[in-house]
Amino acid sequence: MAYVDEVIELVVKKNPGEIEFHQAVKEVLESLRPIVDAHEEVYRREALLERLVEPERQIKFRVPWIDDKGQVQVNTGYRVQFNSAIGPYKGGLRFRRSVYIGIIKFLGFEQIFKNSLTGLPIGGGKGGSDFDPKGKSDREIMSFCKSFMTELCKHIGADVDVPAGDIGVGGREIGYLFGQYKNIKGAFEGCLTGKGLEFGGSLVRTEATGYGLLYLLDEMLRHNGHEISGKTVTVSGSGNVAIYAIEKAHQLGAKVVTVSDSNGWVYDPDGIDVAALKEIKEQKRQRLTEYKKYRPNSEYHEDGTVWSIPCHIALPCATQNELHLADAQALVDNGCIAVAEGANMPTTLDATKYLQQHGILFAPGKAANAGGVATSALEMSQNSERLSWSFEKVDRRLQRIMAGIFQKMADAAERYGVPGDYVAGANIAGFEKVANAMLAQGI
Ligand code: NDP
């Protein structure tokens with residue numbers, strides 16, 4: 001049996017029920033076949049793939065907190081420190097009811113290659129909890145965050161592991177988490193990124209994932225003889241990534257016509273009103289049903305998906321496995337030319353294959369949404385030098401990093417005989433650096 005297949009089988013057997021983790025491992029290892037075949041003897045002797053799919057450390061902990069009625073609640077916290085071959089563990093925290101170890105491991109595994117692609121010295125990790133922030137008061141969120149950090153602070157630090165936000169964790173949560181770390185450790189250090197600008201945060205971090213997605217998309221389109229300006233774009237999600245992807249798409253001359261949340265989706269034929277979206281989501285923390293009050297011409301739907309709306313470019317920015325085969329078929333039938341993943345693993349494996357087979361330019365999340373973690377690494381640099389860079393400086397660096405990521409994935413795809421396959425290109429380019437570092441550091 002091929003080495004790759006043996007390791008996929010091992011992962012399924014050793015991690016029963018963790019279907020998202022299986023999916024992420026399959027997606028990466030399948031596309032590493034050309035490079036694994038070329039180095040099979042060394043990789044097998046060094047058990048390189050077996051080591052790659054086994055986290056260096058998994059931490060699971062109890063998070064008790066008190067709700068507004070005085071009732072004690074208990075959630076489960078996780079931190080998976082997956083791979084530190086090229087730098088301290090780095091990756092976000094996700095607070096959502098559906099969180100379990102399989103989701104954290106899939107995200108942590110993807111993070112290894114994403115972080116490597118940025119060219120910056122950061123390893124892969126991820127964490128979170130099955131806590132659901134929706135409908136909770138500020139005091140309840142604070143109570144939960146303080147309890148979560150009371151345990152997590154034993155395992156992280158500026159040179160050890162530096163978490164950030166993800167679904168359900170934004171500036172408010174990072175503030176509470178940082179405050180608790182500082183209180184317990186008695187040290188003001190860059191133990192988290194995505195911090196407020198008043199206490200060590202970086203300009204552009206809030207916008208970085210969405211802006212970075214558009215910078216990479218722009219590179220991919222131009223490389224293939226297209227341009228963003230004048231294109232119609234569909235976006236899913238209405239959180240941090242979606243909002244700033246839409247903002248940058250509009251700045252670059254495209255028109256975004258959809259957004260969604262877990263209850264429904266909006267079609268606005270005149271183009272999404274970003275100011276209204278920010279007010280609803282960032283300030284009032286409301287649902288998308290409110291959008292029609294700002295834009296009477298728009299439609300709100302509870303059934304179906306945004307992918308039924310004809311577009312040139314689709315940007316899934318909500319969550320994993322949200323773009324299925326039927327959606328991919330609809331996109332192709334409606335004349336879509338490009339898909340770039342703002343979310344992590346939003347496209348199912350069969351949908352990805354279908355899109356690629358039908359000539360759609362496809363930028364995988366680990367490349368396309370790497371702008372967030374890249375800017376987090378720039379926040380770490382600023383914290384280390386105790387300086388703050390200007391918006392323009394960080395934005396320029398972000399643009400350079402995203403252009404570099406496109407170049408790396410396009411080059412790797414060429415070198416390994418699959419030109420234009422950016423899924424394989426991103427995986428191979430991300431893997432090469434980590435594999436070489438692991439081999440150099442020995443057992
Ligand atoms: P947010 O919590 O800010 O927003 C998430 C958005 O997705 C919300 O609109 C949410 O709707 C929607 N959503 C979540 N789950 C589902 C679901 N099951 N079905 C439909 N809609 C859903 O998160 P982010 O914008 O930060 O993250 C979005 C994606 O981007 C995630 O995959 C994340 O891992 C990825 N990512 C984020 C980065 C960052 O810097 N923030 C960096 C790289 C990747 P609702 O309000 O109903 O929950």
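Only the coordinates and a few stated rules stand behind these numbers; no lab work does. Because the structure is a prediction, the values reported are computed rather than measured. A quick note on method: Cβ atoms are made from the backbone with ideal geometry, for glycine too, and the neighbour counts reach across all protein chains shown.
Simple spin-label model, 7 Å along Cα-to-Cβ: residue 187 to residue 262 in nm?
3.5 nm
Could you work out the relative contact order of the chain, using alpha carbon pairs under 8 angstrom and six or more residues apart, expressed as a whole percent?
Rounded, it is 15 percent for the chain.
Explain nothing, just the number: dipole magnitude of the stretch 1-139 about its Cα centre with +1 on each Lys and Arg Cβ and -1 on each Asp and Glu Cβ, in debye rounded to the nearest 20.
That gives a dipole near 760 debye.
Taking Cα pairs under 8 Å and at least six residues apart, what relative contact order does the stretch 1-62 come out at, in percent?
Reported relative contact order: 40 percent.
Per the Cauchy relation, a quarter of the hull surface: what is the mean projected area of the convex hull of the alpha carbons in the stretch 133-203, in nm²?
The orientation-averaged projected area of the Cα hull of the stretch 133-203 comes to 4.7 nm².
Which order do 86, 405 fall in if you start with the one that has the fewest other Cβ atoms within 10 Å?
86, 405
Counting alpha carbon pairs within less than 8 Å and at least 6 residues apart, what relative contact order, in whole percent, applies to the stretch 35-148?
Dividing the mean separation by the residue count of the stretch 35-148 yields 28 percent.
Fewest first, what order do 138, 273 take by the number of other Cβ atoms within 10 Å?
The fewest-first ordering by Cβ neighbours comes to 138, 273.
In Å, what is the Rg of the alpha-carbon atoms in the chain, and how long is Dmax?
20.8, 64
State the Kirkwood hydrodynamic radius of the stretch 4-54 in Å, one decimal place, computed from all pairs of distinct Cα atoms.
11.1 Å
Enter the per residue convex hull volume of the stretch 194-304, computed from alpha-carbon coordinates, in Å³ rounded to the nearest integer.
So the per-residue hull volume is 109 Å³.
Quick one: check the C-alpha center-to-center distance for the stretch 91-115 versus the stretch 412-443, whole angstrom.
21 Å
In the structure displayed, which of 14/105; 114/146; 366/433 lie more than 21 Å apart, Cα to Cα?
From the list (14/105; 114/146; 366/433), the Cα-Cα distance tops 21 Å for 114/146.
So, in Å, what gap is there between the alpha-carbon centers of the stretch 285-313 and the stretch 156-205?
The distance from the Cα centre of the stretch 285-313 to that of the stretch 156-205 comes to 33 Å.
Hey, got a sec? Which GluC sites (Glu not before Pro) in the stretch 267-354 land in a DSSP loop and have at most 11 other Cβ atoms within 10 Å?
Sites meeting the loop and neighbour criteria: 302.
If each residue's Cβ is checked for other Cβ atoms within 10 Å, how do 145, 153 rank with the fewest at the top?
153, 145
In the neighborhood of residue 428, defined by Cβ-to-Cβ distances under 11 Å, what is the net charge if each Lys or Arg adds +1 and each Asp or Glu adds -1?
Here the count lands on 0.
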